[in-house]
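What follows is one structure encoded as structure tokens, with my remarks underneath.
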Amino acid sequence: MSNKREVPDVTEAARRARFGKLPERIRLEDTVEERAAIAPDPAKDTYNPDEWLVRYCL
């Protein structure tokens, strides 16, 4: 009968070692990742005044 008594103690000890306490808290700042929704386009804000003349006047 002593064999049956030792098995629950070992499994109980293993369970308590793994689940005996709550994990450490994670700060909200560590859970948020901020990045741009789209990659910045370097040609987006360039303006060429001659392009307007070519497109609409010629």
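The values are calculated or read from the model by the stated rules, or taken from the named source; none is laboratory data. Everything numeric here is computed off the predicted structure, so don't read it as measured data. No Cβ is skipped: glycine too gets one built from the backbone with ideal geometry, and neighbour counts run over all protein chains shown. Side chains included, ligands, DNA and RNA excluded: accessible areas come from the protein's heavy atoms. Shrake-Rupley method; radii C 1.70, N 1.55, O 1.52, S 1.80 Å.
The table that follows gives values for the structure above.
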{"quantity": "Fraction of accessible area attributable to carbon and sulfur, segment 10-57 (%, probe 1.4 Å)", "calculated": "55 percent"}
{"quantity": "In segment 29-58, chymotrypsin sites (Phe, Trp or Tyr not before Pro) in a DSSP loop with at most 12 other beta-carbon atoms within 10 Å", "calculated": "47"}
{"quantity": "Debye, to nearest 20: dipole size of segment 10-57, +1 on Lys, Arg Cβ, -1 on Asp, Glu Cβ", "calculated": "680 debye"}
{"quantity": "The chain, accessible area per residue, ligands and nucleic acids excluded (1.4 Å, Å²)", "calculated": "117 Å²"}
{"quantity": "Sum of -39500 (n - 2.57) over DSSP H runs of 4+, divided by residues of the chain (222 nm, nearest 500)", "calculated": "-15000 deg cm²/dmol"}
{"quantity": "Listed values [x] 70; [y] 24; [z] 31, entry calculated as percent of Cα pairs over 20 Å apart", "calculated": "[x]"}
{"quantity": "Signed unit charges on C-beta, dipole axis of the chain, positive-most listed residue 20, 46, 8", "calculated": "8"}
{"quantity": "The chain: angle of helix 2-19 to the longest principal axis, Cα-based, in degrees nearest 10", "calculated": "30 degrees"}
